[in-house]
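Worksheet for the structure shown next.
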Amino acid sequence: MKKIALYILIILAAVSCREKYEYDQTLGLLSEYNVLSNGGGSTQVAVFSNTSWTVEMDREVSWASIDRFNGIKSGYLVFDYDVNYGRSRRVILIFKAGDKTLTLNMYQQAFLSDSNCEMTLDATSLDIPAAGASLDIPFTTNLVYNLDEMFLTLTYPEGQEPAAPWITLKSVEKDKVSIEIAPNTTGADRTANMKISHTDAGAYDSTEGDTIHSNTVTVVQPK
């Protein structure tokens, strides 16, 4: 009889602790990181809360989505992600409840090593008229799953650093890079060296990635 009474007390204590935990938890997650395979799929993300909460991605990406943006009390959301045959990538889920904010790094593993990545611009130099121009440069890459994350890297000869960039990246597609060159109103000839670059997601528990570059294209514009 004493054993039964002790068992009942243990159960009641466990239930009491659970209820107290759930009641006191404004916002909680199981982890700060979630490592995803490069094969694509979906995963459930548990959210612990005793109130209403919201969730959003830190930026819009084409390879991932969530099935809800808010909830009331504890529950879960579904995170869907596409296959990745490129470099590692991540998106951050931002959860808010009351005055508390938590983040969850959704990190997707790479398929390609850096030595197997290709980014090649089919040009070595470009002569642009003083009036400026919009231009498509043929581009070859096997990082078609990372196109949204590519960016323009510009360097200038010493003494020609502009107050603001005069070359703008419009888009990167699997077969071309579109740029826009502003009119030259400086009164002097100018030159810039451009590359297409990509920074991967690094290690799952770090936001510092490794950056690789395409070949360099020299852009020359007269006054």
(Q) Going by what's in this entry, would LEU169 be described as free of Cβ contacts under 8 Å to residues at least 40 places away in the same chain and either hydroxyl-bearing (Ser, Thr, Tyr) or out of contact with any Leu (no Cβ under 9 Å at 6 or more places or on another chain) (or both)? (A) no
Q: Would you confirm whether any residue within the range 195-212 is free of Cβ contacts under 8 Å to residues at least 12 places away in the same chain and over 21 Å from CYS117 (Cα atoms)?
A: yes
**Q.** Residues of the range 38-68 that turn out to be assigned to a strand (DSSP E or B) and over 22 Å from ALA110 (Cα atoms), as a count
**A.** 8
(Q) Tell me yes or no: at least one residue of the range 53-60 is surrounded by 14 or more Cβ atoms within 10 Å (Cβ to Cβ) and closer than 17 Å to LEU30 by Cα. (A) yes
Q) In the range 200-223, how many residues are among the β-branched types (Val, Ile, Thr) and closer than 19 Å to TYR33 by Cα? A) 1
**Q.** Residue check, THR140 without any contact (Cβ under 8 Å) to a residue 40 or more places away in the chain and not aromatic (Phe, Trp, Tyr)
**A.** yes
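Yes/no per residue for (1) surrounded by 14 or more Cβ atoms within 10 Å (Cβ to Cβ); (2) farther than 30 Å from LEU104 by Cβ; (3) charged (D, E, K, R):
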site: ALA163; (1), (2), (3): no, yes, no
site: VAL177; (1), (2), (3): yes, yes, no
site: GLU180; (1), (2), (3): no, yes, yes
site: THR207; (1), (2), (3): no, no, no
Q.
Cβ contacts < 8 Å: first residue farther than 16 Å from LEU102 by Cα, restricted to the range 51-70; second residue among the basic types (Lys, Arg), any location; separation 6+ or different chain. Result?
A. VAL61/ARG89; TRP63/ARG89
Q. Where in the range 69-168 are there strands (runs of 3 or more DSSP E), lying fully within it, with 3 or more residues that are within 30 Å of GLY187 (Cα to Cα), hydrophobic (A, V, I, L, M, F, W, C) and outside the structural domain of MET57 (by TED's automatic domain parsing)?
A. 133-141, 151-155
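So that you can scan it fast, the table gives a plain yes or no per residue for (1) within 13 Å of the chain's Cα centre (by Cα); (2) exposed (fewer than 13 other Cβ atoms within 10 Å of the Cβ):
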site: THR43; (1), (2): no, no
site: TRP63; (1), (2): yes, no
site: PHE69; (1), (2): no, yes
site: LYS73; (1), (2): no, no
site: VAL91; (1), (2): yes, no
site: LEU104; (1), (2): yes, no
site: ASN116; (1), (2): no, yes
site: THR124; (1), (2): no, yes
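The values are calculated or read from the model by the stated rules, or taken from the named source; none is laboratory data. Source: prediction; values computed, not measured. Don't worry about glycine lacking a Cβ; one is built from the backbone with ideal geometry, like all the others, and counts go over all protein chains shown.
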